[in-house]
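Rule-based calculations on the coordinates, nothing more; no lab input. Bear in mind the structure is a predicted one, so any value in this text is a computation, not a measurement. Note: ideal-geometry Cβ built from the backbone for every residue, glycine included; neighbour counts use all protein chains shown.
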Amino acid sequence: MLIRHLLRTFTAIWREGACMLWYVGKRLVQSVMTLFIIITIVFSLLRLMPEEGYLGAAAEKMSPAQKEVYLTSLGLRDPLPVQLGNFYADLLQGDLGKSVTYRTDVPVVTIIADKIMYSLLFGLGAVALSLLIGVPLGIMMAQMKGRWLDRLGTGYIVFVVAVPAAVYYLVIQMYITDIFHLPMLFDEYRPITWLLPLTSMALAPTASYAMWMRRYMVDELNKDYIKLARAKGVKERTLMFSHVLRNAFIPMAQYLPATILFTITGSIYIESLYSIPGMGGLLVDAIQRQDNTIVQGLVLVFSSLGIMGLILGDIAMALVDPRIKLGKGESVR
Amino acid sequence: MGLYTEEIDNISDKSRAELFEFFETSDRQAEETAYSNYSYWRSTWQSFLKNRMAVLLLALVFIVVAFTIFQPYLPAQKSPTEIYLDDQTGLQARNIAPNAEFWFGTNSIGQDLWSRIWAGTRTSLMIGCVVALVEAVVGITIGTLWGFSRKLELPITQLYNVVDNIPTTIVLILMSYILRPSISTIIIAMCITGWVEMARFIRNQIVILRDREYNLASKCLGTPDYRIIMKNLLPYLISVIMLRMSLAIPFAIGAEVFLTYIGLGLPISEPSLGNLINEGRVLMMSPDLRYQLIFPSIVLSVITIAFYIIGNAFADAADPKNHV
């Protein structure tokens, strides 16, 4: 009897797991296709980039004929499909070309590899921090709806959502470092310097988590089953945490990818403001020095990261929401 | 018994030919019976007026917009691009703190910050409004087609999946990197990414609304599609559309600041809030010169917050559920 029961439970779990794997696999294949389309589009668009971006510092000394020879040697005069084919062949071998002006003739992959860890650390750190602060803040705001904490929180959300990030990032860097006598720039070996960039980056996602959490909690609190549970005498604590929170948390999963995408933008500002040696700062540098190959490589890396974020969000959604039937019927978010 | 026979006998007297003729309907009369004092826009406006904060901010935005337009024609204004020289030394009047002559001081090459801020606000607001307008037009058109036409649904969904998967920031950077920096470039770059959100919003709403009973009834009565869209569906979405549009303006202003920051913004000769903040950022290290960052930042924050709050208040007011 017991054995049969165990066996049944096991098959059920196994079947569910298989479903999940199938879904994840399908989603991955889909994303690879999307990535392929995006890379193709981006690559074709990048052929329209200013050509000086390939010549580097030597551009001024070159005659037009020399330029032409050089560009041909780089393969930039080939027809577009040929260039695209070469690019994919290189890409599969992990080759993204060589830097032009940023660090001349160093492979782009090496440059990015040095930087990617910092960006990932800061990005994930910011997402984690914002979840840790934003979700409880949203819950508290919903519980104290209409009171001072709720108003304060709403004010914070309006400010962060409406005012461009550049402005408050600058204000934070300017005044907080002054008030607490912190160093203005990032220093890997001084943990205190990690604090400000991380908090600044987490500000906006925290606000959006708090906003949505509050909204879903309030929606859920107004439903009939809550009234019934209250009438039945369920404790307020139990009600909040095992009924309301459980249901309100489901739609939250869909904001995870958006936050990940957002931290990309955030990282571009923050990394160059605090001179953190990450990809965002690199992008700003590469743009200012017109280094086409690095810009191209970074755009591809950022797009792939974005797509990965979206997959993660979908998987999280499928895990959290029991109503989503795996493997059947795709819909637009 | 006798009573009934009498009735039946008299029936031919009572029936007259006119009772068997069709009654002519008149649209005007039909409307009269259903007449009510309700007017959508008046109710919207009345609900909006109840939100004091939003009304105050709306007045403020009006004043700011009017001021940016009329400021150059006021007396004693300086040119935003002219470099002023010191009378005594003949050198550029660099980094002068705010005083009676230069109300907000001068920047690092001796241009008047007061007039630059207003010129910059003008540019930024212009960019914001144009982007919001284009986004609305393109987004509504595509969103309606996407939600309403079953043939176009699949291709547009595929297109959406591709476009939506690229981070907006990356597209902005890419477009600005390829095109030469100017106001029109920035507007194009923002419009390329901006319509997606609006289109998805409209599409989702239309999918929900298009099969409601009143629309099925309308369709069965032979109402042409464009009329269903224009009269039955879109008016329902006004609050959503207004909210999106009013949020697009602060977003566009912010995106301009971002692009300028990473070096893909407008040239310095074209003052914009992004340019001003970026100029101020360079001087941030010396506390005496921070006014160059703070003044544009304050103007920018006030404008963006105002648009955000007005948009939310208007969206609430435009929702008929909130009308009396």
### Message
Taking θ = phi - 60°, what integer Hz values does the Karplus form 6.51 cos²θ - 1.76 cosθ + 1.60 yield along the range B:269-282, in sequence order, with x for Gly and Pro?
### Response
5, 10, x, 9, 4, x, 4, 5, 5, 5, 4, x, 4, 4
### Query
For the range B:224-324, what is the Kirkwood estimate of the hydrodynamic radius, computed as the reciprocal of the mean inverse distance between distinct Cα atoms, to one decimal in Å?
16.1 Å
### Query
Which whole-Hz couplings ³J(HN,Hα) result when phi for each residue of the range B:246-253 is put into the Karplus expression 6.51 cos²θ - 1.76 cosθ + 1.60, θ = phi - 60°, listed in order with x for Gly and Pro?
6, 7, 5, 5, x, 5, 5, 4
#### Entry: Residue mean of other protein chain beta carbons inside 10 Å, A:166-179
4
### Query
So for chain B, Kirkwood radius off the Cα pairs, Stokes-Einstein at 4 °C and 1.567 mPa s: how many µm² s⁻¹?
54 µm²/s
### Task
Just report the Cα centroid separation between the range A:18-37 and the range B:224-251, whole Å.
35 Å
#### Entry: Karplus-derived 3J(HN,Hα), 6.51/-1.76/1.60, for each residue of the range A:194-208, Hz, glycine and proline x
6, 5, 4, x, 5, 5, 4, 5, 7, 4, 5, x, 4, 4, 6
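If you count, for each residue, the other Cβ atoms within 10 Å and average over each peptide, how do A:26-38, A:130-142 line up from highest to lowest?
In descending order of packing, they fall as A:130-142, A:26-38.
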### Task
Round to the nearest 10 and give me the degree value, 0 to 90, for the angle of helix B:291-318's Cα axis relative to the longest principal axis of chain B.
0 degrees
### Summary
Helix-only [θ] at 222 nm, the protein assembly as shown, -39500 (n - 2.57) per DSSP H run of 4+, per residue, nearest 500, equals -23000 deg cm²/dmol
### Query
To the nearest 10 degrees, how steep is helix B:40-50 against the longest Cα principal axis of chain B, on a 0 to 90 scale?
50 degrees
### Message
To make sure I understand, if each residue's beta carbon is the centre and we count other beta carbons within 10 Å, what order do A:Ser208, B:Ser124, B:Ser246, A:Ser63 fall in, fewest to most?
### Response
A:Ser63, A:Ser208, B:Ser246, B:Ser124
### Message
Using amide H atoms built in the peptide plane, which far-off residues or other-chain residues are under 5 Å from A:Val106 H to H?
### Response
A:Ser99
### Summary
GNM on chain A, Cα springs under 10 Å; top mean-square fluctuation among A:Thr293, A:Thr263, A:Thr193 goes to A:Thr193
#### Entry: Gaussian network model of chain B, Cα within-10 Å springs - most flexible of B:Ile127, B:Ile156, B:Ile188
B:Ile156
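At a threshold of 8 angstrom on Cα-Cα distance, excluding pairs fewer than six apart, so keeping six or more, what relative contact order does chain B reach in percent? Show your work: numbers first, answer last.
Values: 378 pairs, mean separation 73.1, N = 324.
Dividing the mean separation by the residue count of chain B yields 23 percent.
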### Query
Using the count of nearby Cβ atoms within 10 Å as a rough guide to exposure, how do A:Phe302, B:Phe148 rank from fewest to most?
B:Phe148, A:Phe302
### Query
Which of the residue pairs A:Lys223/B:Lys151; A:Lys26/B:Lys151; A:Lys145/B:Lys50; B:Lys231/B:Lys321; A:Lys26/A:Lys98 have a Cα-Cα distance greater than 28 Å in the structure shown?
A:Lys223/B:Lys151; A:Lys26/A:Lys98
#### Entry: Residues B:Tyr177, B:Tyr84, sorted so that the one with the fewest Cβ neighbours within 10 Å comes first
B:Tyr84, B:Tyr177
### Test item: B:282-294 mean partner chain Cβ contacts at 10 Å
2
### Summary
Of the candidates B:Asn161, B:Ile238, B:Leu56, the farthest towards the positive dipole end of chain B (Lys/Arg Cβ +1, Asp/Glu Cβ -1, centred on the Cα centre) is B:Asn161
### Query
Using alpha carbons only, what's the Rg to Rh ratio of chain A with Rh from Kirkwood?
1.07
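Ranking request for peptides A:118-126, A:308-316: highest mean number of other beta-carbon atoms within 10 Å first, then the rest in descending order.
By packing density, highest mean first, the sequence is A:118-126, A:308-316.
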